[in-house]
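Here's the structure we're looking at; comments come further down.
Just so you know, all these numbers are worked out from the coordinates, no wet-lab data involved. Worth saying up front: this structure is predicted, and the values here are computed from it rather than measured. Cβ sites come from the backbone with ideal geometry, for glycine too, and all protein chains shown count toward neighbours.
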Amino acid sequence: MAKPRGSKEIKHDVKRYFRQDFQRLVLLSGKKISALRSPQYDGMPKAPGVNGDFDSDLSKQADQQVIVDCTMEALNNITSISCAIVWRSLVMDEREAKIRRIIHYQHTRYSERKTAAMMEFYYAFLGRLAKRGISAPDLNFDGFLEWN
């Protein structure tokens, strides 16, 4: 059995995931971050580029889309304050002072709540991944980010 992860490790992994992998996964899956915030489709079909290994590329894109979908499902299933903290601080990279004003928390309480929000996201995300047969306790998706 794997060693239980501490809150410091989990915070590190969640931050790294959103700052390094998430945006690349979104782009590689064929989406835009702005489309995730407000999923409004323009109804216009988008033609894929011509590629020699189209089936392999589609398979990788589908795998990346699964991870993006799991991320969005996890965000939608945590508390609204946790979702706001994670989304605004780690995805949108907004300043802490602005987020604290929005959610009406003081500095000390915000720091504690941010830790709790990252923990909440982590477990919700791992649960969504597990439902799809993906195990990533350290939120490392390097294999999904390679195009060979």
Legend entry - Gained length - LEU27 relative to MET92, 0.36 nm times residue gap less alpha-carbon distance: 21.9 nm
Inset, instruction - Output ³J(HN,Hα) for the stretch 68-78: one whole-Hz value per residue in order, computed from phi by the Karplus curve 6.51 cos²θ - 1.76 cosθ + 1.60 with θ = phi - 60°, and x for Gly and Pro. - result: 4, 4, 4, 4, 5, 4, 4, 4, 6, 9, 9
Inset, instruction - Quote the FRET efficiency, to the nearest 0.05, computed for SER135 versus ARG109 with a Förster distance R0 of 25 Å and r equal to the Cβ-Cβ distance. - result: 0.15
